[in-house]
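First the structure, in the form of C-alpha cells, and then the observations on it.
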Amino acid sequence: MKPRTKRFLFVLLALCCVGAASALIGKAMKGNLAYLHTPEEVLAGVVPTGQVFRLGGLVKEGSLERSATELEARFIVRDNRNHEITVVTKKILPDLFSEGKSQVSRGKMGDDGLFYADEVLAKHDAEYMPKELSDTLNKEHAPAKGSSKDTSKKGTY
Amino acid sequence: MKINWFKYSAPMSFYPLAGKLIPLFWIAAIVFILGGLYWGFFKTADVLNDQKQYYRIIYVHVSSAWMAMWLYVVMVFWAMLGLIFNTRLSYMLASATAITGTVMTIIALATGAIWGKTSWGTYWDWDPKLTTFLILLFVYIGYIALQSAIDDVRRSDKASALLALVGLALVPIIYYAVNCPDPTECASLHQESSLKRVESNILIGMLVTTIGFWMYCFATTLMRARIIVLERERSTTWVSNLPEIKDSEVEIKS
C-alpha cells in the first residue's frame, strides 16, 4: 500500500468516527436537552420543586392580565394538549410577546402552583411573511374566523 | 484532455493566480453585498406579521452564519487534502480560511445578539443552537491557537488539521439543534431554519447578500493565503525574485 493510500484510509476512518460522534450527540439532544419543560411535564412532576427551570409553551389567548398599580403581569402558558400553568412576572415583556405566540420563561414554581418568572422571552415565527400579505391570505382562507389564525393552529414551542 | 490538478498546488504558481483573482472577488463582493442589502432594506416589506423593521438584520445574520459553517467545511476539506497528499498549499489555505471563518462566526453571534435583544428580549440565552454556535467559535479559535503554539510548521499543520477534522462533528449538530423532524423534540429559543416559509422577496435579498459574503470570504482567504505563502517560502529564490519583494528590498537599502 502506498503511503498516500494509507493516509487516505486514515482520514476516511476519522471522518466515519466524526460522523458517528455527530449522530450520537444528535440523538442525545432529543429529549430537549432539558432546555425547557412543557406545562405537561411540569404538572406531571418531572421538575423537582424549588428548582429554577424554563417553561416553554404558547400564551393562551385572552389570558394576559396586567396589574393596574405595579409592573406585574399574569398569563397562562399552555401546550398542545391543553395543560395550563399560570405565570406571574414583574419583568418587562419583550416586543414580540403576544397572546397565541410561543414564549420561554425562566423561574420557579411557587407553593401556590403559580410559576414565578425572572425572565420572559418571546420566540419568533419561523415564517417571514410581510404583514399585508399574510393579512390578505388570512382573509382569503378563513373569512369566517377573521384574523385570529392562531387559535386553530397547533403551535410549536 | 488531462488537467494537471497539481500545477496550482505549487505555491509558486498559486501566488500569481490568486493575485489576479483577488480584485475580481472584491468587485463581486461589493456588487453583491450592496445589491443584496439595497434590495433587503428598500424593496422588502417594512413589517412582518410578527416582527417590525428590526427583522432586516436577517440579511447580515443569516449570510454570516451560513458562511461561518460553510467555511468550517472548506477548512476541513483543505486540512484533509493536506493530510492525504502532504501538500504545503492545502495547509496554508486551511489556516487562511480559519481566520475568515472566525470573523464570520463573530459577525453571526453579534448580529444574533442584537436581533435577540430586540425580538426575544435577551442578548444571550443558553439555547442549543446558540450554545453550539459559540462552541464553533471556540473550535475556530482553538485551531488558530494550536497552530501558532507549535513552532515547527509541519507539525503544527498536522496537529491543527486533526483538530479541525474532529471539530467537523459540530457542523451537523448546529444544523440539527433546531431542525429535527419532530419540532417538539428539540424545543429551543432560536427558530428553525425555514427557507420554504420565507417570502420570496426577502429570500432574494438573503441569497444575494450571501453570495456577496461568499465572494468576500474568497477575497480575504486568498489575500491571507498569499501572505502565508510569502512568509513560509521567504527563503526560496522565486519569492526573492518577485518584483514586489525586490522593490521593497531596494527601498530598504537606499
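Only the coordinates and a few stated rules stand behind these numbers; no lab work does. Note that this is a predicted model, so its numbers are computed, not measured. All Cβ positions, glycine included, derive from the backbone under ideal geometry; neighbour counts span all protein chains shown.
If you count the DSSP beta bridges with both ends in the protein assembly as shown, what percent of them are antiparallel, to the nearest 5?
85 percent
Which is the longest part of chain B that has none of the trypsin sites (Lys or Arg not before Pro) sitting in a DSSP loop with at most 13 other Cβ atoms within 10 Å?
B:44-233
What's the FRET efficiency of A:Leu64 with A:Asp135 using the Cβ-Cβ distance as r and R₀ = 25 Å, to the nearest 0.05?
Rounded to the nearest 0.05, the efficiency is 0.65.
Mind checking the angle between helix B:128-149 and chain B's longest principal axis? C-alpha axes, 0 to 90 degrees, to the nearest 10.
The angle comes out near 10 degrees.
Mind checking B:116-128 for the average number of partner chain beta-carbons within 10 Å of each residue's beta-carbon?
Other-chain Cβ atoms within 10 Å of each residue's Cβ, averaged: 5.
First check a/c for region B:93-151, with a ≥ b ≥ c the square roots of the eigenvalues of its C-alpha gyration tensor; if it is under 1.5, answer rounded, and if not, answer prolate when a/b is larger than b/c or oblate otherwise.
Prolate is the answer for region B:93-151, as a/c is 1.5 or above and a/b outweighs b/c.
Multiply the residue separation of B:Phe77 and B:Phe42 by 0.36 nm, subtract the distance between their alpha-carbon atoms, and state the gained length in nm to one decimal.
Between B:Phe77 and B:Phe42, full extension yields an extra 8.8 nm.
Counting pairs of alpha carbon atoms under 8 Å apart in space and at least six apart in sequence, what relative contact order in percent does chain B give?
33 percent
Taking neighbour Cβ counts within 10 Å as the exposure measure, how do B:Phe77, B:Phe14 sort from fewest upward?
B:Phe77, B:Phe14
Cα axis of helix B:88-119 to longest principal axis of chain B: angle in degrees, 0 to 90, nearest 10?
The helix B:88-119 is inclined about 20 degrees to chain B.
To the nearest whole percent, what portion of all C-alpha pairs in region A:35-122 is separated by more than 19 angstrom?
Across region A:35-122, Cα pairs with separations above 19 Å total 29 percent.
In nanometres, what is the gap between the two model label sites at B:Lys20 and A:Asp118, each 7 Å from Cα along Cα-to-Cβ?
Computed distance between label sites B:Lys20 and A:Asp118 equals 6.2 nm.
Please compute the average number of Cβ atoms from other chains found within 10 Å of each residue's Cβ in peptide B:84-90.
The mean count of partner-chain Cβ atoms within 10 Å per residue comes to 2.
Given Cα positions, please report Rg to Rh for region B:32-234, the hydrodynamic radius being the Kirkwood one.
Computed over Cα atoms, the ratio is 1.02.
Just to be sure I understand the model, the point goes 7 Å from the Cα along the line to the Cβ. What's the resulting B:Tyr54 to A:Lys6 distance in nm?
Taking the simple label geometry, B:Tyr54 and A:Lys6 are separated by 5.8 nm.
Ignore the peptide's own chain and count Cβ atoms of other chains within 10 Å of each Cβ in A:36-45; give me the average, rounded.
1
Nearest 10 degrees is fine. How inclined is helix B:153-167 to the longest principal axis of chain B, computing both from alpha carbons?
The angle comes out at about 20 degrees.
Can you grab the distance from the C-alpha centre of region A:1-69 to the C-alpha centre of region B:94-146, Å, no decimals?
Cα centroid to Cα centroid, the span is 18 Å.
Go ahead and run the numbers for FRET between B:Phe138 and B:Ser200, Cβ-Cβ distance against an R0 of 45 Å, rounding to 0.05.
0.80
Relative to the present Cα-Cα distance, how much length would full extension add between B:Ala145 and B:Glu192 at 0.36 nm per residue of separation?
That works out to 13.7 nm of additional length.
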